[in-house]
Amino acid sequence: MTDKIQKIWEKHQRDLNLDTFRENNELHPDFWNDFSLKNDIKERLIKIATEYFEGLELEGVKIDDITFTGSLANLNWSKFSDIDLHILVDFNDVDENKDLVGEYFRAKSSLWNKNHNILIKNYEVEIYVQDTNEPHHSTGVYSIKNSEWIARPEKRNAKFDEEMVKKKSESLMDQIDRAHDLFDDKEYLQSYDYADKLKKKIRKFRQSGLETGGEYSAENISFKVLRRNGYLGLLNDLKTMSYDKIMSIGSNLSKKFAIFIKKPKKNESRGFNRLYEESKFQKRVKAKHNRLKKANIGGGKQNPGPPYNKKPNYKRGKSAPVGFGGS
């Protein structure tokens with residue numbers, strides 16, 4: 001177990017803090033006058049969101065809305081809450097590859113959130129860029145730009161399955177611990193791959209819970225447990241540390257990660273480098289191609305039968321076009 005995990009274990013002792021997910025009787029009084037966001041906070045959040053987005057230099061792309069969501073826009077706020085500041089943008093205005101645009105915005109937002117520590121009423125501001133066409137699942141969503149509720153919170157006396165939350169949280173923490181064990185064993189490629197896989201798994205895990213059970217689903221509460229006790233931050237650090245170890249070997253990565261991308265038909269938006277973003281996106285997919293191909297079509301010990309007389313070739317074809325065959 002790494003020193004970082006040991007410190008988190010000693011500090012939190014895997015305290016799930018489930019009592020902090022209970023509903024309050026009113027919205028946080030430091031932010032709201034009844035159900036209206038206080039003017040000084042509104043103006044500051046608009047300024048933060050606008051300056052962040054202008055810094056991306058995306059020509060021809062505009063902000064459709066700026067929203068305040070999460071527990072501080074709801075009745076389940078606590079000392080662990082943060083200010084979820086969402087910037088709504090039509091991803092199609094940036095590039096036709098919406099998955100790639102999503103990766104770009106997540107990377108930019110993550111970097112901004114890491115480098116800034118803006119506190120309003122002792123709560124940290126967290127920026128997230130959301131596709132305008134993406135449905136929202138929160139019961140508290142406030143349009144800062146239009147000063148109106150998109151989804152107004154109501155007292156629901158909501159309950160969640162505590163035992164299920166404990167079970168799911170412990171399972172995810174155990175997996176993160178095992179990923180760190182790989183890092184301790186200097187299996188850096190495996191630890192990087194496992195950390196990347198876990199991050200995607202946890203993101204889908206939470207999204208599934210929001211879609212089927214809402215904010216009080218066991219999946220969403222478990223996600224928040226890991227965010228509060230430091231395990232999500234630990235997972236992010238693990239992926240970065242593993243990558244740094246891999247890249248420190250001194251191999252010629254330019255040959256390993258060389259790609260060819262045709263010039264897009266439309267002009268690129270300023271600040272969005274398709275070649276660079278596509279390269280990062282393809283690296284992750286390509287790195288897992290052989291393993292996934294073996295798992296999907298080459299598993300088992302049975303001998304190949306007619307009309308096939310040998311096992312398939314697991315290597316990625318050199319001429320495979322972007323987006324095909326794991327390229």
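The values are calculated or read from the model by the stated rules, or taken from the named source; none is laboratory data. Bear in mind that the values here come from a model prediction, so they are computed numbers and not experimental data. As a convention, Cβ positions derive from the backbone with ideal geometry for all residues, glycine included, and neighbour counts pool all protein chains shown. All accessible areas refer to the heavy atoms of the entire protein, side chains included, with ligands and DNA or RNA removed. Shrake-Rupley method; radii C 1.70, N 1.55, O 1.52, S 1.80 Å.
For residue 124, nonlocal amide neighbours, meaning residues 5 or more places apart or on other chains whose placed amide H falls under 5 Å from its own, are 83. List the residues of the range 147-161 whose backbone N lies under 15 Å from a point placed 7 Å from the Cα of residue 36 along the Cα-to-Cβ direction. It comes to 147-149, nothing else. Each label was represented as a point 7 Å from its Cα along the Cα-to-Cβ direction; for residue 161 and residue 22 these points are 2.3 nm apart. Full extension of the chain between residue 99 and residue 80 yields a length gain of 3.8 nm, computed as 0.36 nm times the residue separation minus the alpha carbon distance. The distance between label points at residue 118 and residue 62 comes to 2.2 nm (points 7 Å beyond Cα on the Cα→Cβ vector). Note on residue 32: accessible area is roughly 10 Å² with a 1.4 Å probe, heavy atoms of protein only.
With Cα atoms defining each centre, the range 161-227 and the range 49-91 are spaced 25 Å apart in the structure. The H on the amide N of residue 97, modeled in the peptide plane, is under 5 Å from the matching H of no residue at least 5 residues off or on a different chain. Compared with the alpha-carbon gap, the fully stretched path from residue 154 to residue 187 is longer by 7.0 nm at 0.36 nm per residue.
Among the GluC sites (Glu not before Pro) within the range 31-64, those in coil by DSSP and having at most 13 neighbouring Cβ atoms inside 10 Å are 57, 59.
If you plug the beta carbon distance of residue 243 and residue 147 into 1/(1 + (r/R0)^6) with R0 = 56 Å, you get a FRET efficiency near 0.85.
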